[in-house]
1. Report, by residue number, each residue of segment 160-212 that is in contact with a helix residue (DSSP H, G or I) (Cβ under 9 Å, 6 or more places away or on another chain) and polar (S, T, N, Q).
2. Residues in segment 71-83: is at least one within 16 Å of the ligand (Cβ to nearest atom), within 22 Å of VAL147 (Cβ to Cβ) and touching a Cys at 6+ places or on another chain (Cβ under 7 Å)?
3. In segment 250-265, which residue that is out of contact with any Ser or Thr (no Cβ under 6 Å at 6 or more places or on another chain), farther than 17 Å from ASN98 by Cα and not hydrophobic (A, V, I, L, M, F, W, C) is surrounded by the most Cβ atoms within 10 Å (Cβ to Cβ)?
4. Could you tell me whether LEU44 is in contact (Cβ under 8 Å) with a residue 12 or more places away in the chain, of a type in the set (A, V, I, L, M, F, W, C) and either assigned by TED's automatic domain parsing to the domain that holds TYR215 or more than 30 Å from GLY367 (Cβ to Cβ) (or both)?
5. What pairs can you find where one residue is in segment 332-351 and assigned to a helix (DSSP H, G or I), the other is charged (D, E, K, R) and surrounded by fewer than 19 Cβ atoms within 10 Å (Cβ to Cβ), and their Cβ atoms are less than 6 Å apart, with a gap of 6+ or different chains?
6. What is the residue count in segment 183-200 for residues that are surrounded by fewer than 20 Cβ atoms within 10 Å (Cβ to Cβ) and either within 15 Å of the ligand (Cβ to nearest atom) or not hydroxyl-bearing (Ser, Thr, Tyr) (or both)?
7. Which condition breaks for LEU161 when tested against (1) without any contact (Cβ under 8 Å) to a residue 40 or more places away in the chain; (2) assigned to a loop (DSSP other than H, G, I, E, B); (3) surrounded by fewer than 22 Cβ atoms within 10 Å (Cβ to Cβ); (4) not acidic (Asp, Glu)?
8. Out of GLU223, GLU213, GLU156, I need the residue that is more than 16 Å from the ligand (Cβ to nearest atom) and within 30 Å of PRO54 (Cβ to Cβ). Which one?
Amino acid sequence: MSSVDINQILKRRNAVSLRASQLPASGIRKFFDLLSSMEGVISLGVGEPDFVTPWHIREAAIYSLEKGYTMYTSNKGMPELRQALSAYLKSHFGLTYNPDTELLITVGVSEALDLATRAILDPEDEVIISDPSYVAYPACITLAGGVPVAVPTQAETGFRLNAASVESNITRHTKAILLGYPANPTGAVMSRSELIQVCQVAQKHNLLVISDEVYSRLVYGVEHTCLASLPDMKERTILLGGFSKAFAMTGWRVGYAAARPDIIEAMTRIHQYTMLCASITGQVAALEALNNGEKEVQQMVLEYDRRRRFMVKGLNSIGLSCPEPQGAFYCFPSIRSTGLSSEDFAEKLLMEEKVAVVPGSAFGSGGEGHVRCCYATSLPDIEEALKRMGRFVKKLNVQKP
Ligand SMILES: Cc1ncc(COP(=O)(O)O)c(C=O)c1O
């Protein structure tokens, strides 16, 4: 077809589909486009570890390339990786997943989320999520043809999802609850008993639960409860996990889904036509991480914990109220005392003091009045950022509580 023909067609029809054009741009992305052109910015914005992937993991990947491992793998992922993952889930959470039928290696938790929603949702099926929540949740549900139903959570109750609020939002269209704890952006962790209460609602109304546990290893002074390990939950849970956060492996793009065989089979069918498989180099690295990466995970968690305590103390001392987050690597202080909206606060702070934080409103209307500050950044940078934020807040004439 000649270019003239294509231009004529494009004139007659919108090039971009309704579905794609209605998808809002990520509030995070919009913000980072703004700072990409600036110099001297300290970023507390990006949600990724500042650590480089541990050397032995990189070395295993390099060696696999030297040996010529450059092919596709099985759609479900390398059998050795699925076996190691099965053993990992058993030893960490007491869960038994068959590596051949109940596990799928994906391109990060991002792909696993997309597959899970597409595998279970029919048009107009509703999925309950918390507000605020990770930006991809409503987007993936919408792209899969479903309807996200946001249940507000409050700072006063630590942004944890309340079972009664979940139940009051259930309709005859509700198909699933999507939980993400430890939470992005709030750092909230649900206790075992709170999770059990939400699970009882899921059981009562025969709902599936998608549980995004990408931050499961990043908890401080509390235990992470794997949702699928709760009584009678394995059958109705799609457990999502990955390597990006705990092993500092964001760029390798490896994650996984664990669920009952019919769901994994459906997810694999979509995955085989869209991704085919996760990259073999990433999978080799993930295998090394599972087999020998534990020590570094624990070291990184200790370091995040130190930074977390430093940031919480610093934010409170400059007048931005911030209770201790128990998981992930985010503080979510209130900025209400400044009288600014979260977007204005983030934009002014960036322009005037060159510190990047993410407006809470990017994560849903329930995030308004807060900003997300990531502490996966070096301690000296956090210290300097807090100094600048203190100056900024002082200029706004904020009274300390
Ligand atoms: C809650 C949550 N889930 C999933 C992801 C994506 O993880 P991955 O890198 O494994 O795709 C992120 C990344 O920030 C996240 O915060």
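1. ASN162, ASN184, THR186, GLN197, GLN200, GLN203, ASN206, SER211
2. So far as segment 71-83 goes, no, none of its residues is within 16 Å of the ligand (Cβ to nearest atom), within 22 Å of VAL147 (Cβ to Cβ) and touching a Cys at 6+ places or on another chain (Cβ under 7 Å).
3. ARG253
4. no
5. SER342/GLU368
6. Going through segment 183-200 one residue at a time, the tally reaches 5.
7. (3)
8. Exactly one residue qualifies, and that residue is GLU223.
The values are calculated or read from the model by the stated rules, or taken from the named source; none is laboratory data. Please read all numbers here as calculations on a predicted model, not as lab measurements. Ideal geometry is used to build each Cβ from the backbone, glycine not excepted, and the neighbour counts take in all protein chains shown. Just so you know, the surface numbers come from the protein's heavy atoms only, side chains and all, with ligands and any DNA or RNA stripped out. Shrake-Rupley method; radii C 1.70, N 1.55, O 1.52, S 1.80 Å.
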